[in-house]
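Input: a single structure, listed below in structure tokens.
Since every read-out is calculated from the coordinates, none of them should be taken as a lab result. Everything quoted here is computed from the prediction, not taken from an experiment. Counting neighbours? That spans all protein chains shown, and the Cβs are built from the backbone with ideal geometry, glycine included.
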Ligand SMILES: [Zn+2]
């Protein structure tokens, strides 16, 4: 049994840190590069399942893989509740996150204050692999945006387009039902992924592990953190 407030606070910090998914708050900007290219994007159908945290004070929705896709019985599809039977599409990409520009300063004062696009932000350096999970957006705007950026980056090596040779901002505006995500091509020099991280790309979990909720049993991308965080970040210097 854990005792004391220190261990409790450590635990809560670790848990939010340990999510394999990219999470951004309203107004924040994640600076990313794609590891998964346009044609390797994986997608599937998911049920939205409402759950509560262990303390019961917060409700959140979980995306649960529809097992019909494995030709198995799916509890959600067999539900009498039409809401539970509903499925939605989710796309998955492996990405490398250089850092997140936050609208709000952190309590510990570790994030560096920077100016970007005429606004003040606090930069949380991350240099971690994450999984970008997103829906197609309303009227498919996210899906079309990703396709359009890829097409625009086409070159001799990737005549049909590519996502992996540019940097992007993943942004979020609003919260709840009014949340709008966007992917924006980042101007300026393309920053290299640190070599220590590049070496770990072949060891990343297959996206299907995240999609089917098997990720707990396998190694997590957070193991890369120690290896790469020592590098100097010149993005905003
Ligand atoms: Zn189902």
Q: Report the relative contact order of the chain, percent, no decimals, based on alpha-carbon pairs under 8 angstrom and at least 6 residues apart.
A: 23 percent
Q | Exposure proxy order (Cβ contacts within 10 Å, fewest to most) of 38, 180 | A | 180, 38
Q. By how many nm would the segment from residue 59 to residue 106 lengthen if fully extended, with 0.36 nm per residue of separation less the alpha-carbon distance?
A. 14.5 nm
Q. What list do you get for 31, 64 if you sort them by fewest beta carbons within 10 Å?
A. 64, 31
Q. Alpha carbon centre of the range 115-181 versus the range 189-211: separation in Å?
A. 17 Å
Q. For the residues 86, 145, what sequence is obtained by ranking on other C-beta atoms within 10 Å, fewest first?
A. 86, 145
Q: Could you let me know the centre-to-centre spacing of the range 72-109 and the range 14-65, using Cα atoms, in angstrom?
A: 4 Å
Q: First measure r as the distance between the Cβ atoms of residue 77 and residue 6, then evaluate 1/(1 + (r/R0)^6) with R0 = 45 Å and state the FRET efficiency to the nearest 0.05.
A: 0.50
